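Take a look at the structure below.
Derivation of every value follows stated rules applied to the coordinates shown; laboratory data play no part. Note that the coordinates shown come from a computational prediction; the quantities given were computed from them, not determined experimentally. Positions of Cβ are backbone-derived with ideal geometry, glycine not excepted, and every protein chain shown enters the neighbour counts.
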Amino acid sequence: MTKPTKRILSGVQPTGNLHLGNYLGALRNWVRLQQEYECFYCLVDLHAITVQQDPAALRASTRDGAAALLAMGVDPKKSAVFVQSNVPAHAELGWIFNCIARLGWLDRMTQFKEKAGKHKERSTVGLYVYPTLMAADILVYLATHVPVGDDQRQHLELTRDIAQSFNSQYGVEYFPLPEALILGEATRVMSLRDGTKKMSKSDESDYTRINLTDTPDLIAQKIRKARTDPEPLPGSPAGLESRAEAKNLVGIFAALSDRTPAEVLRDYDGAQFSKFKEDLAELTTAKIGPITTEMRRLLADPGYVDSVLRDGAERARAAADPIVRDVKEIVGFLRA
C-alpha cells in the first residue's frame, strides 16, 4: 500500500449550534486545506455520546453540522464528509489503541479534568479514553497533518506517542507521526462575556457566543452587549495585554478580515468601543450571513445532505478498512 504524504483528518462535535469560534478556529481552514491536501472531515458522534445525548437531537444536530460544513464551502467532491459511527474502523482501532496507551498518559490530559470537574468518578469510561479514540480517528487514515487549536495540541501529542509506541512494540514503521497545523489569527476565540474562557456551545448563556444560525439583528445585539472596558482601543497589540475582552474582539475582527491585530489597531487607534463594535457587527454579519442562508437551503433538502454523508462514509471506509486489516495482521489477530 502506498502511504499518503499530504492527508488530513479533522472532526467536529455534532452537538449544539456551531459558532463563530468553531468557524474561525477550525472550520474555515477546512475549506482552504482541501485545495492542498487529501481531506477527511467527520462529524464525531462517537465522541458525542461520552456524555448523555437525546437520540433524536443527536441525529438532527449531526445533519445540521454536515449542512454547516457544506454551506461554508467544504466540497464533497474534493473531501470525504461523513459521520464517524458510519466507519466502524474508528472504533476497532480505538480499542487496539486502548491496549497501547498508558494510564499515566491519559491521567495527564487536561481536557478530561476540565470536563469531569470535581466528580471524576461519575464520568463515563468513554470520556476518559476519548483521546485514544481521537488518535484512532487520525491514524486510521494514516493522516500526516491535523489542523488543531492551541488547546488540542496535547491530544495530538498523545496521538504521536501512541503511534510511536505501536511502531516500537511491534517492530514496524507503520503509523506516521502526524504534524499539527496551526493556521491564521484567532485560533482560540473566547467568550463574549468572559475573555478568559473559550467560546463554547455548552455555555448556558447564548450571549457568550455567536452561532452560525444567528440572524443579523441577533449578531449585532450580541456584539453590542459583549463585555469590554471603558478605555479606548490602543494603537498596538501591546496595549491589549491586560485587557482580555478587548483582545478577544480585536482578534475576531482581525480573523474575519484576514488581517493581523496590529493592522486592525492601526485603523482604530484611540477609537471607542461603540464604533468598533458597530463595524465588527457589520463585518461578522457579512461573513456569517451567506453561510446561514446556504445552511437553511441545504437543511430544506435533507435527502441531499444524507447522500453526501453516505458517499463520504463509503470513501472513508475504503481508505480506513485496509489500514485496520494491516493493523490486525501486525497485532496477531487470526483472519476469518
Next on the checklist: If the only charges are +1 at each Lys and Arg Cβ and -1 at each Asp and Glu Cβ, what is the size of the charge dipole of the chain around the Cα centre, to the nearest 20 debye?
Outcome noted: 380 debye
Checklist entry - Considering segment 134-287, what Rg and Dmax in Å follow from its alpha-carbon atoms? => result 19.6, 62
Checklist entry - Along the charge dipole of the chain, Cβ charges K/R +1 and D/E -1, which of Val331, Leu20, Leu142 sits furthest on the positive end? => result Val331
Checklist outcome for this item: For segment 1-101, averaging the sequence separation of alpha carbon pairs under 8 Å that lie six or more residues apart and dividing by its residue count, the contact order in percent is 35 percent
Item to check | Residue-span extension gain [Arg259 to Leu183] - 0.36 nm each, minus C-alpha spacing | outcome: 26.1 nm
Checklist entry - Which of the listed residues, Gly73, Pro88, Trp30, is farthest toward the dipole's positive end in the chain, when Lys, Arg count +1 and Asp, Glu count -1 at the beta-carbon? => result Pro88
Checklist outcome for this item: Correct semi-axes for the chain, from √(5λ) of the alpha-carbon gyration tensor and rounded to whole Å with the largest first, are 37, 22, 19
Checklist entry - Of Tyr128, Tyr23, how do they rank once you tally other Cβ atoms within 10 Å and put the fewest first? => result Tyr128, Tyr23
Checklist outcome for this item: Between Arg32 and Tyr207, the FRET efficiency computed from the C-beta separation at R0 = 25 Å comes out, to the nearest 0.05, as 0.25
Item to check | Rg and Dmax [Cα atoms of segment 206-296; Å; Rg one decimal, Dmax integer] | outcome: 13.1, 41
Item to check | Cα-based helix-to-principal-axis angle, 89-98 vs the chain, degrees rounded to 10 | outcome: 80 degrees
Checklist entry - Which of the trypsin sites (Lys or Arg not before Pro) found in segment 52-103 are loop residues per DSSP with 14 or fewer other Cβ atoms within 10 Å of their Cβ? => result Lys77, Lys78, Arg102
Item to check | Share of Cα-Cα pairs in segment 1-119 lying beyond 25 Å, as whole percent | outcome: 33 percent
Next on the checklist: Angle check, please: helix 216-225 long axis (alpha carbons) against the longest principal axis of the chain (alpha carbons), in degrees 0 to 90, nearest 10.
Outcome noted: 70 degrees
Next on the checklist: Only four residue types carry charge here, +1 at the Cβ of Lys and Arg and -1 at the Cβ of Asp and Glu. Report the dipole size of segment 206-296 about the Cα centre in Debye, rounded to the nearest 20.
Outcome noted: 200 debye
Checklist entry - Within the chain, what's the longest stretch lacking GluC sites (Glu not before Pro) that sit in DSSP loops with no more than 14 other Cβ atoms inside 10 Å? => result 37-172
Item to check | Amide proton proximity set for Lys198, modelled H, under 5 Å, gap of 5+ | outcome: Ser191
Next on the checklist: List the trypsin sites (Lys or Arg not before Pro) within segment 111-163 that DSSP assigns to loop and that have no more than 13 neighbouring Cβ atoms inside 10 Å.
Outcome noted: Lys118
Checklist entry - Which net charge results for the neighbourhood of Leu18, defined as the other residues with beta-carbon distances under 13 angstrom from its beta-carbon, given Lys and Arg at +1 and Asp and Glu at -1? => result +2
Checklist entry - When the Karplus curve 6.51 cos²θ - 1.76 cosθ + 1.60 is applied with θ = phi - 60°, which whole-Hz ³J(HN,Hα) does each residue of segment 302-310 get, with x for Gly and Pro? => result x, x, 5, 4, 5, 5, 5, 5, 5
Item to check | segment 169-248 - Rg (one decimal) and Dmax (whole number), Cα, Å | outcome: 18.6, 62
Checklist entry - Pairing the Cα long axis of helix 244-256 with the longest principal axis of the chain, what angle in degrees results, from 0 to 90 and rounded to the nearest 10? => result 70 degrees
Checklist entry - For Val331 and Ser200 in the same chain, what is the full-extension length gain: residue separation times 0.36 nm, less their Cα-Cα distance, in nm? => result 43.2 nm
Checklist outcome for this item: With DSSP loop assignment and no more than 12 other C-beta atoms within 10 Å, the trypsin sites (Lys or Arg not before Pro) in segment 253-326 are none
Next on the checklist: Spelling out what I want: for every residue of segment 257-263, take phi, set θ = phi - 60°, compute 6.51 cos²θ - 1.76 cosθ + 1.60 (Karplus), and round to whole Hz; glycine and proline get x.
Outcome noted: 9, 6, 10, 8, x, 4, 5
